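Read through the structure below, which is laid out as structure tokens, and then see the notes.
Where a number appears in this text, it was derived from the coordinates with a stated rule and is not lab data. Keep in mind that this is a model prediction, so the values were computed, not measured. A quick note on method: Cβ atoms are made from the backbone with ideal geometry, for glycine too, and the neighbour counts reach across all protein chains shown.
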Amino acid sequence: MKIDFPKELAIVTGAGTGIGAAVAERLAGQGAVLCIGRTLSKLESLAEKVGPSLMPYALDVADRASLDRLAGDLKSSGTSVTALINNAGIARNGASDLEREQLWANWDEVLATNLTGAFQISMAVAPFLKRPGGRIVNIGSIAAYTGGRSQGSAIYAASKAGLNGLTVGLAREFSGGGVTVNGIAPGLVGGTEFTAAWDPARIEDYVKDVPAGRPGRADEIAATVAFLCSADAGYITGQVIHQNGGAYFAP
């Protein structure tokens, strides 16, 4: 695919739907956004809705060859990356009674996207991050702290807990260049592909334990991302913001 990269842009992974799409749309009000995802049609639909500031770019963060291609495109165009939003994520069954080969395959698949993928694209983009002032924001989950709300959540919870460690590690790694790295740990966010398959009774049961009395919205997460990417957040790094309506109170 041929894209005329601008002088500066933000990158959002998992941008086809849900939180990623909301983040891409929010950041598009401030400049060009490279929307990354595995399904080009979803990215193109979002770009048609929002406008030319959104540029679709099909890529799997678990595929190192694709990341080499991205780095090559950034280098050849002389593009500076103002922000990288690591939002790509999947969930698979991690129940202990699952057939072993399937369990191992689920572990490998989830970790490859949720944790290894975030590390790989961060390192691929690192040479092009704006210095000073570049931003990385990792979208984690409340599950990193609670283990999820049901059996079978261990793989997803572990991947998001690892992402928290990556956030702190990268914050230290890139601090010398004036790049900040932070995370957001959302609770239940309604209206996303991730929760679309949930039974309404399951959502109702979850909300009973949320002091705010409702699921979160993708645009609310996007607003927090926009703040962390702004100059006002220049003295915040290595932090994970808990955005869950009070479902989990961090110590």
Expected unfolding gain across Lys49-Ala212 under the 0.36 nm per residue rule, minus the alpha-carbon gap, is 55.6 nm
Taking Lys and Arg as +1 and Asp and Glu as -1, residues besides Phe227 with C-beta under 14 Å from its C-beta add up to -1
Residues meeting the amide H criterion for Ile11 (H placed from the backbone, H to H distance under 5 Å, 5 or more places apart or on another chain) are Leu34, Ala83, Leu84, Ile85
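Pairs Lys75/Lys130; Lys7/Lys130; Lys49/Lys75: which exceed 18 Å Cα-Cα?
Pairs exceeding the cut-off: Lys49/Lys75.
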The Rg/Rh figure for the range 172-251, Cα atoms and Kirkwood Rh, to two decimals is 1.07
Filtering trypsin sites (Lys or Arg not before Pro) in the range 148-249 by DSSP loop and by at most 11 other Cβ atoms within 10 Å leaves Lys208
Under 5 Å from the placed amide H of Val240, counting only residues 5+ away or on other chains, we find Gly183
Per the rule of 0.36 nm per residue minus the C-alpha distance, extending Gln239 to Ser41 adds in nm 67.9 nm
In nanometres, the difference between 0.36 nm per residue of separation and the alpha-carbon distance of Asp219 and Asp108 is 36.9 nm
Calc'd 3J(HN,Hα), the range 34-51, phi into Karplus 6.51 cos²θ - 1.76 cosθ + 1.60 (θ = phi - 60°), Hz, glycine/Pro = x, comes to 8, 9, 9, x, 8, 10, 4, 4, 5, 5, 5, 5, 5, 5, 5, 6, 8, x
To the nearest 20 debye, the chain has a Cα-centred charge dipole, built from +1 on Lys and Arg Cβ and -1 on Asp and Glu Cβ, of 560
Spelling it out for Val189: with amide H atoms placed in the peptide plane at 1.01 Å from N, the residues 5 or more places away or on another chain with amide H under 5 Å from its amide H are Gly216
Sorted largest first, the C-alpha extents of the chain along its principal axes in whole angstrom are 49, 41, 37
Across 5 Å bins beginning at 0, the whole-percent shares of Cα-Cα pair distances in the range 112-153 come to 6, 17, 20, 19, 15, 10, 7, 5, 2
DSSP beta bridges in the range 8-243: the antiparallel percent, rounded to 5, is 0
If one builds a Gaussian network model of the chain from Cα atoms under 10 Å apart, the most fluctuating residue listed among Pro132, Pro211, Pro186 is Pro211
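What FRET efficiency comes out for Asp97 versus Ile203 if R0 is 30 angstrom and r is the Cβ-Cβ distance? Round to the nearest 0.05.
After rounding to 0.05, the efficiency reads 0.75.
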Rounded to 0.05, the calculated FRET efficiency for the beta carbons of Glu173 and Asp4 at R₀ = 35 Å is 0.70
Computed, not fitted: 222 nm per-residue ellipticity of the chain from DSSP H runs ≥ 4 (each -39500 (n - 2.57)), nearest 500, equal to -12500 deg cm²/dmol
Computed for the range 1-143: size of charge dipole around the Cα centre, +1 on C-beta of each Lys and Arg, -1 on C-beta of each Asp and Glu, debye to nearest 20, value 580
Label model pair Lys130, Gln151: point-to-point distance (7 angstrom along the Cα→beta-carbon line) in nm is 5.0
